[in-house]
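Step one of this worksheet: look at the structure below.
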Amino acid sequence: MGNAGESWDDRFDVVVAGSGAGAMTGALAAASSGLRTVVLEKTPLLGGTSAYSGSAIWLPGSRVQQRAGIGDSTESARTYLRALLGEENAGHREAFLSTAPQVVEFLEQNPEIEFEWRPFPDYFARPGRMDQGRSFVPLDLPQDRLGELASLVRPIVDRDRAGLGHDPAAPLSAGRALIGRLLLAFTQTGNGVVRTETALTDLIVEDGRVVGVVARTADGTVRLRAERGVLLAAGGFEGDAAARAERGLPGSAQWSMAPAGANTGDAIAAAVRIGAATGLLDQAWWCPGLATPDGRAAFTLGFRGGLIVDGSGRRFANECLPYDQMGRQMAAEPGRVPAHLIFDSRSGGRLPAISVPTVKPEEQLKAGLWVKADTLEDLAAALGLPADNLTTTVERFNGFAEKGTDEDFHRGEDPYDRFFATGDGPNPCLVPIDRPPYYAARVVLSDLGTKGGLRTDTEARVLDASGNPIPGLYAVGNTSASFTGPFYPGPGIPIGTAMAFAYRAVQDMK
């Protein structure tokens, strides 16, 4: 905890820790209200995991959905969330639903920010679900619109892991477009400052109120005053192996999709030191991940072929489940990690799924992370799996493909399953595995970030152990405990909720 009696290196109305979608939305809301605002980013680049994302934004009942004419509404989203989540966090649910259209209207009033709806189904079969989805995305952003600011935005994960910047010939798209648009709007207010390579280490408290932060820079420690409030939006603790182990969080820091060196829970730890309460620390936004030669993982979704087996050589779930649900199936039993995706040569040996980053078959094979064999028996032997189990599993699956019904796990019966399907049989999600040579790709338990953190109220104010707000301190996104609990309702819920509650936080500060 910092000492409030010492001098300040700079003074702001609002200090924002983090630079993802929630952080930048909060920063823009504050700066647009005339509040001098600083964004502190621990790493050299802005955007965090938001920049890696497809940038789906789940903010229901807004004018984006109305323009698209898809029949979405606040009431249908309420029905869906109530059916899925129950009433435990009804206050947060209602705060989110009432704010979603407001934050979209606020953002789209800025000429630099443009959204459009694109189909992507909600993840659960519950009343109020939108089978084609209700999330939306930002339009691509030409790099010349950003100018020199483009170099501050974290590039696509493929290039970022390789130490490369943006492709100079391509516009910023998906998560990069979202962060770029928010950054452009923020800087144009004239009230916004961005400081990269500035890591929040402590919160400064004066008479029971958070009044500033201590941050570490390359030139030493700085103390920054926050007259109105501090907004913690610095991601979760997915990148901290020790914290994951202490909290019993499945998966691995190495397999998380967090950018290297980011999301190690610094903001959460700083708040805990001044008495903040936490929750859901054993939860994450999980997903299957392909093991990659650098020891990390590639977020994997949209399976359009193949099947996944555990260490026994048997299937254990519908491979086409939404990624968080499939990740939870993997986490349920230790013998399911690593798993293996079994597929054949009908796609020329290419992965029958989407991976982020894209993986190259020849590199995966060379690293021993994929195995290729002329027979299923040889494939099983190379993987150390019981050959009888694997061959029986594939034969049974092929029978399901012929009939069009997955009698074991109902693959292909849900709109989400069918969204990615490309098969030409009676069930397009069931594609037989019968064209040698055969392949097996190692699948690990990855995540898009932890979803447990600081407990907050409906205004995003951080709560202490007694449930009372800590004056001057707010938290959103993965720095806070998600009101969705162990559920991932639809594409863009992490980003959408972070943006909505960041907006609410700033309204409370003003």
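Within region 450-475, if we keep just the residues that are in a strand (DSSP E or B) and open to solvent by less than 10 Å² (accessible area, probe 1.4 Å), the residue that is nearest to residue 285 (Cα to Cα) turns out to be 450. Here residue 269 meets each of (1) open to solvent by 20 Å² or more (accessible area, probe 1.4 Å); (2) small (Gly, Ala, Ser); (3) within 30 Å of residue 203 (Cβ to Cβ); (4) part of a loop (DSSP other than H, G, I, E, B) with one exception, condition (4).
Cβ separations smaller than 8 Å between residues 6+ apart or across chains give the following pairs from region 410-426 residues that are open to solvent by 40 Å² or more (accessible area, probe 1.4 Å) to residues that are among the small types (Gly, Ala, Ser): 418/412; 419/302; 422/305; 426/404.
When region 171-193 is filtered for residues that are open to solvent by 40 Å² or more (accessible area, probe 1.4 Å) and aliphatic (A, V, I, L, M), only 193 remains.
Tallying residues that are open to solvent by 10 Å² or more (accessible area, probe 1.4 Å) and within 23 Å of residue 395 (Cβ to Cβ) within region 292-317 yields 8.
Please go through region 132-168 and pick out each residue that is under 26 Å from residue 110 (Cα atoms), outside any loop (DSSP other than H, G, I, E, B) and acidic (Asp, Glu). Selection gives 144, 148. Residues of region 90-108 include none that is outside any helix (DSSP H, G or I) and closer than 26 Å to residue 140 by Cα. Filtering region 11-27 for residues that are open to solvent by 30 Å² or more (accessible area, probe 1.4 Å), at pLDDT 95 or above and assigned to a loop (DSSP other than H, G, I, E, B) leaves an empty set.
Scanning region 37-53 for residues that are surrounded by 20 or more Cβ atoms within 10 Å (Cβ to Cβ) and not in a strand (DSSP E or B) yields 41, 42, 45, 47, 48, 49, 50, 51, 52, 53. With the requirement that a residue be of a type in the set (Asp, Glu) and either without any contact (Cβ under 8 Å) to a residue 24 or more places away in the chain or in contact with a Leu (Cβ under 8 Å, 6 or more places away or on another chain) (or both), what does region 444-462 give you? Selection gives 457 alone.
If the condition is being closer than 30 Å to residue 248 by Cα and open to solvent by 20 Å² or more (accessible area, probe 1.4 Å), then region 330-357 contributes 331, 332, 333, 334, 335, 336, 337, 338, 340, 354, 356. Restricting to region 218-262, name every residue that is polar (S, T, N, Q), within 20 Å of the chain's Cα centre (by Cα) and assigned to a strand (DSSP E or B). Scanning region 218-262 gives a single hit, 256. In region 105-143, of all residues being polar (S, T, N, Q) and open to solvent by less than 50 Å² (accessible area, probe 1.4 Å), the one that is farthest from residue 496 (Cα to Cα) corresponds to 143.
The values are calculated or read from the model by the stated rules, or taken from the named source; none is laboratory data. Just so we're clear, the structure is a prediction, and the values are computed from it rather than from any experiment. Reconstructed Cβ throughout: ideal geometry from the backbone, glycine too, with neighbour counts over all protein chains shown. Side chains are part of the model used for accessible areas, which takes the heavy atoms of the whole protein and leaves out ligands, DNA and RNA. Shrake-Rupley method; radii C 1.70, N 1.55, O 1.52, S 1.80 Å.
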